[in-house]
Amino acid sequence: MTTTSGVTPPRESAADRFFRTAELDTRMLAMVIAVIVIWVVFDLMTGGIFLTARNLFNLAVQTSVVGIMATGMVLVIVARHIDLSVGSVLGFTGMVIAFLQVEVFAINTAWGWPLAILAGVAVGAIVGAWQGAWVAYGGVPAFVVTLGGLLMFRGATWLVTQGRTVAPLDPNYQLLGGGIDGSIGATWSWILGLLAIALMVWWSLAARRKRARYGFTVKPIWIEVALLIVLAAAIVGFVSVMNSYNKPRTEIPRGIPVPVLILIATVLVMTFVTRATKFGRYVFAMGGNPEAAELSGINVKRTTVMIFVVMGILAAVAAVVQTARLNAGTNSLGNLAELSVIAAAVIGGTSLAGGVGTIVGAILGAVIMQSLDNGMVLMSVSSAMRQVIIGLVLIGAVGLDVYYNRRRR
Amino acid sequence: MSDKPLVEMRNIYKRFGGVHACEDVSIDLMAGEVVGLLGHNGAGKSTLMKMLSGAYPADGGEIYVDGERAHIATPRDAQDLGIETIYQTLALADNLDAPANMFLGREIMTPFGTLNDDAMERDARQVIARLNPNFTNITDPVRTMSGGQRQSVAIARAILFNARILIMDEPTAALGPHETAMVADLIKQLKAEGIGIFLISHDLHDVFDLSDRVCVMKNGGVVATRRTSEVTQDDVLGMIIMGKLPEENRGETAPT
Ligand SMILES: Nc1ncnc2c1ncn2[C@@H]1O[C@H](COP(=O)(O)OP(=O)(O)OP(=O)(O)O)[C@@H](O)[C@H]1O
Ligand SMILES: [Mg+2]
């Protein structure tokens, strides 16, 4: 100690002060760093295969299915529930969509496959409403209802065609899976990327102006600008990587794959739902204190049903991507997907105690899960060993969460 | 001021399994009046008030608001009648910030139908400044706030929506002396505006200072309701502890 004055105020470290003024979420930052570390390590261990455009393109497509469902799982877990049935619901709705477009509606028509998708999404919503009603009005714990659902809808998947695989699917429908032609090409990718950057800048400026008009404090402008530059660089980087992977035996760049666009759209919609709608606010309130939510006049039961409806719809959307990618409806569609989905949400910072979680976090969680799996495949780790490691990562992530929460209180 | 009571609860019953939390309880409240509700722990005070705020339905009895029969089945019904409650447990969602808690269930929306968090923050700041000018970190999650700050949030929520009837269940239990004095001022101010207040407190001094009448409960029943000016603190203590009316008390002690 060099000072001799009586009382020294508790000193804030430079790092703490930086994070406070920047309003940066340290946890999100930790996850981004985790992704970068995982990528660099895998790249070194695979002799530079991991960070090729081709592999990153595949990684992005692989992440879509789990990512789409993980955004819904965030709502479910935030509200202190769980949904173990998402893999089976994906299977069931996927089978319904495949069956309808190939064997009921006329295949290779302009309306057959869109109608099949609508029907599949409706089935997902109904399944969700049914499970949600058991939880909310029946008072049966979600764990039990969706454990039953896991079995029921796996069985129902088989019953749709008595176990027969449905293939091939409509060529236009297949584009939704991100196959050879399932990308939007270089030009559109750049247009979308630049549009995203413009929107982002406009959005943060508008939010700043609004806060200033109310007389609230705003972040220092240099931090805002720095953040925007980092995010814009990430978007440019993403687009240029997707554009450097060519279609086979051509020089034609693929661009952003359609499943990734579906994932991005899902993330935008779900972020909007959680941050800007009453429904989203109520979900978080219910997770924080169910009794308080009830006493505030919130219709907790109806909100609970809505949560499961959203989850069912997202499972159907994921089913579209999955079936289009496989170009088939099969019995094993979505097998064990519930585990990856729950793991993605939890690794992404959704607290199993309820009340805490973000959509973007869950996507980062999905990227981490998928990167580990993808990297280990490249390193020819056996599938048995991969399961062991992914299981360990899940336990470790929740352990970290518990440790982090204990320290914060 | 009219002579018709703002609130009248008649012959209210409530059981939890074998426990008679309220048995044949009747109580009323005039506009601009503070009625102090006293009694030992478990006497049934909170239960009685929760039936008025719609937290749970009564097993028997009737509630009248402005002389009209009111059917309060949910918290929303009570809110619609202008009844606001500061719950003993505060009933805050710990993960949300103060404005989100205060407007929970009654959010301010933008013209586009989205949450208007900035407008809610502005209104929340105004109300909270009335209670506790030192309390500025209102956009932190409530979890990170002190007990007194949390209580301020609960009080602020109750006065935000221009209540006509206010239920305060031990509103100052966690507050410091300065904040308690500010709540006392607030109660006087609200009373002057014609709001009727049920005040539950274990602090006899506060109750005597603020209420026009006191109602003492014991084991789920009402011992008596008296004008505050007509009883002493010792009388009331006797009612709370032994369930004895002041008259009986004097009758016994007078000869000696
Ligand atoms: N939800 C409940 N379930 C079961 N019993 C309850 C419930 N709420 C209250 N009780 C019982 O009802 C009785 C009255 O409780 P109440 O909370 O109304 O007391 P109180 O007068 O507010 O006490 P305190 O001064 O401790 O707040 C108690 O015996 C309590 O155990
Ligand atoms: Mg009580």
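Only the coordinates and a few stated rules stand behind these numbers; no lab work does. Here the structure is a predicted model, which is why all the values come from computation and not from measurement. Neighbour counts run over all protein chains shown; Cβ positions are idealised from the backbone, glycine included.
Within chain A, which whole H helices from DSSP have a Cα span along their axis of at least 20 Å and a mean Kyte-Doolittle hydropathy of -1.0 or more, if any?
A:26-45, A:53-78, A:112-136, A:142-161, A:185-213, A:221-243, A:258-276, A:300-326, A:359-378, A:383-408
According to the Kirkwood relation over distinct C-alpha pairs, the hydrodynamic radius of the range B:9-116 is 15.8 Å. For chain B, the average shadow cast by the Cα convex hull is 15.5 nm², which is a quarter of the hull's surface. Based on the Kirkwood approach, the hydrodynamic radius assigned to the range A:304-368 is 13.1 Å, with every pair of different Cα atoms included.
Considering only A:Pro248, A:Pro141, A:Pro171, the mean-square fluctuation computed in a Gaussian network model of chain A, springs between alpha carbons under 10 angstrom, is largest for A:Pro248. The mean number of Cβ atoms from other chains found within 10 Å of a Cβ in peptide A:206-212 is 1, as a whole number.
Using the 2.2 N^0.38 Å rule of thumb for compact globular proteins, work out how the range A:183-253 stacks up: its C-alpha Rg over that value, please. Display every interim value, and only then the final one.
Details: Rg = 16.8 Å, N = 71, 2.2 N^0.38 = 11.1 Å.
Dividing the Cα Rg of the range A:183-253 by 2.2 N^0.38 Å gives 1.51.
Would you mind telling me which residue in A:Gly72, A:Gly396, A:Gly94 has the biggest mean-square fluctuation in a Gaussian network model of chain A, where springs connect alpha carbons within a distance under 10 angstrom? Comparing A:Gly72, A:Gly396, A:Gly94 in a Gaussian network model of chain A, the most mobile one is A:Gly396.
One way to sum up the overall shape of chain A is the equivalent ellipsoid from its Cα gyration tensor, whose semi-axes run 36, 28, 22 Å, largest first. Other residues lying with their Cβ under 14 Å from the Cβ of B:Ala173 contribute a combined charge of -3, Lys and Arg counting +1, Asp and Glu -1.
Since only A:Gly329, B:Ile167, A:Gly47 are under comparison, the one whose Cα sits farthest along the positive direction of the charge dipole of the protein assembly as shown, derived from C-beta charges on Lys, Arg, Asp and Glu, is A:Gly47. Label-to-label distance, A:Thr250 versus B:Asn137, with points set 7 angstrom from Cα along the beta-carbon direction: 5.8 nm. Calculated FRET efficiency, A:Val269 to A:Trp188, Cβ-Cβ distance, R0 = 22 Å: about 0.60 to the nearest 0.05. In the protein assembly as shown, the DSSP beta bridges split such that about 60 percent are antiparallel, to the nearest 5.
Of the three principal axes defined by the Cα atoms of the range A:169-297, the extents in descending order read 62, 41, 18 Å.
Just A:Ala324, A:Ala292, A:Ala316 to compare: in a GNM of chain A, with alpha carbon springs under 10 Å, which one fluctuates most? Judging by the Gaussian network model, the answer is A:Ala292.
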